[in-house]
Every structure is written in structure tokens, then in C-alpha cells.
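Below is one structure, written out as C-alpha cells, with a few remarks after it.
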């Protein structure tokens with residue numbers, strides 16, 4: 001996969017899957033716009049890319065704000081002249097059953113996980129139509145396809161992302177804009193490692209998490225990132241409106 005001279009915006013790229021995706025796009029020639037709500041983490045991703053000889057900029061912004069979403073897209077276009085690929089990766093997880101979930105937590109989840117991708121896609125599409133096409137990759141989750149206990153609000157938000165993906169794909173197929181979704185399973189990220197460190201039985205918890213997977217382990221950041229790159233690459237040009245599961249067989 002070659003992304004030479006492609007301009008890519010990745011939200012939530014200050015850590016985890018987002019950071020790895022940004023790095024892998026840059027390694028393949030893309031010009032990368034790194035967005036995150038944390039300036040320190042986002043700039044660290046940019047530094048990693050530049051230290052490896054890649055080209056990247058950082059754009060601070062809260063995806064849950066439509067005004068920020070519009071500004072983020074404008075800053076990408078101002079910096080690079082276009083936007084070829086948008087990866088809607090930023091998201092939050094709120095734990096709990098429906099009876100445990102406050103209105104505040106529900107609204108926050110929907111703002112970040114649904115409203116963010118909705119308005120970023122809106123403003124990205126407006127630019128992509130001008131330039132003759134583009135690609136949007138939405139990062140959903142396995143919970144959109146198979147329920148996991150005490151993830152009610154999160155599951156609702158990630159299910160909405162699949163509906164958004166298919167709607168955008170149909171609406172803009174004739175504008176040469178492809179839209180696909182990737183549904184990762186539980187992935188071993190730095191964030192997960194830090195949460196495990198706080199548990200007295202971390203090894204046992206990790207073992208249990210791994211054993212739930214038919215493949216017997218958790219996902220790796222680079223495996224999820226590679227799938228995102230595939231969904232965005234020219235070689236996958238016939239694929240739009242598709243939902244790609246990468247979860248070690250969890251939803252099989």
C-alpha cells in the first residue's frame with residue numbers, strides 16, 4: 001500500500017491505535033494531520049513521525065464540538081491543500097448497564113463517538129467533493145456487532161457509527177467518496193497496559209481477556225492500524241459501505 005502524497009487526518013492520534021495508524025500512514029508516504037484533545041500526546045506522535053523522516057502536523061481540537069470539527073478540516077486543507085483520507089478514530093468508553101448510565105455520561109459518549117464523526121465527515125465530504133473524491137474510515141467496535149456486558153452507552157454509539165458509515169457510503173458513492181468501518185476487538189494498547197497495572201490480579205485478568213478470543217490473544221495496535229490502512233488504500237477501491245471485523249474471531 002502506497003500513500004505517497006496522500007493527505008490523511010486521524011482523530012484521537014495521540015495514543016494507542018490512532019498513534020500507530022498515523023505512524024504507519026506516514027511510513028507509507030502520507031502527509032499526516034494528527035488530531036488529539038491532548039496537545040502533549042498529539043505533538044509526541046508528530047515528533048515520532050518526523051524523527052522517522054515523515055511529514056506531519058498537529059491540530060488541537062475536541063471532536064465533540066462541531067465548530068472544532070469544521071476548524072480541524074479547514075486547518076488540514078490550509079496546511080496541505082486537500083484532504084484525501086479521514087480516519088474517525090477518537091472515542092471514549094463509558095461502562096455500565098442502562099440503569100447505571102447517567103444522562104451526562106450518555107450524552108458525553110454520543111457527543112464524542114457519534115457527533116464527532118458525523119460533523120468531521122460533513123466538513124471532510126465538502127472538501128472531498130471539490131477535489132474529486134476521498135475516503136473516510138470510521139473506527140467502530142466489536143460491541144456494535146456482539147453485545148458485551150455493561151457497555152450499553154458505548155455499544156449504542158458504536159452501532160450508530162455503522163449506520164453512519166453505510167449512509168455516507170450510499171450518499172457519496174457517485175462522488176468517488178468511499179466510506180468503510182473497522183470494528184476492532186480488544187487490543188493491547190498502552191492505555192490498557194496502564195489500567196492493568198492498577199489491578200492486583202493483572203496477569204489473571206489479561207489471561208481471561210485473551211481466553212475469550214477464539215484466537216487466544218488480544219489484538220495488536222499494528223494489526224488494527226493495518227486494517228484501517230487497507231480500508232483507505234486505492235487497492236480497495238471497490239469497497240465502500242463495508243464493515244470489517246478484526247477481533248480474533250470474537251464475532252464469528
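The values are calculated or read from the model by the stated rules, or taken from the named source; none is laboratory data. In this text the structure is predicted, and so the values were computed from the model without any measurement. As a convention, Cβ positions derive from the backbone with ideal geometry for all residues, glycine included, and neighbour counts pool all protein chains shown.
Quick notes on this structure:
- For residue 19, the requirement of being closer than 29 Å to residue 153 by Cα, modelled with pLDDT of 95 or more and within 17 Å of the chain's Cα centre (by Cα) is met.
- Test: residue in the stretch 155-164 that is within 14 Å of residue 238 (Cα to Cα) and assigned to a helix (DSSP H, G or I): no
- Residue identified as under 15 Å from residue 240 (Cβ atoms) and crowded, with 24+ Cβ neighbours inside 10 Å among 136, 177: 136
- Residues (surrounded by fewer than 18 Cβ atoms within 10 Å (Cβ to Cβ) and touching a strand residue (DSSP E or B) at 6+ places or on another chain (Cβ under 9 Å)) located in the stretch 76-96: 79, 81, 82, 93, 95, 96
- Filtered by the rule that a residue be within 16 Å of residue 91 (Cβ to Cβ), surrounded by fewer than 23 Cβ atoms within 10 Å (Cβ to Cβ) and in contact (Cβ under 8 Å) with a residue 60 or more places away in the chain, the stretch 162-174 gives a lone residue, 162.
- If you go through the stretch 28-52 and keep only what is out of contact with any strand residue (DSSP E or B) (no Cβ under 7 Å at 6 or more places or on another chain) and closer than 21 Å to residue 134 by Cβ, you end up with 28, 29.
- Boolean, residue 69 is crowded, with 24+ Cβ neighbours inside 10 Å, touching a strand residue (DSSP E or B) at 6+ places or on another chain (Cβ under 9 Å) and without any contact (Cβ under 8 Å) to a residue 60 or more places away in the chain: no
- Filter result for residue 163 (modelled with pLDDT of 95 or more, out of contact with any helix residue (DSSP H, G or I) (no Cβ under 8 Å at 6 or more places or on another chain) and within 26 Å of residue 104 (Cβ to Cβ)): yes
- For first residues located in the stretch 9-31 and closer than 16 Å to residue 141 by Cα, partners that are assigned to a helix (DSSP H, G or I) and at pLDDT below 95 and lie 6+ apart or on another chain with Cβ distances below 9 Å form the pairs 16/190; 16/191; 16/192.
- Residues in the stretch 145-157 that are in contact (Cβ under 8 Å) with a residue 60 or more places away in the chain and either within 14 Å of the chain's Cα centre (by Cα) or surrounded by 19 or more Cβ atoms within 10 Å (Cβ to Cβ) (or both): 2 in all.
- Elements of the type strands (runs of 3 or more DSSP E) sitting completely within the stretch 1-63 and holding at least 2 residues that are touching a helix residue (DSSP H, G or I) at 6+ places or on another chain (Cβ under 9 Å) and surrounded by fewer than 24 Cβ atoms within 10 Å (Cβ to Cβ): these cover 55-60.
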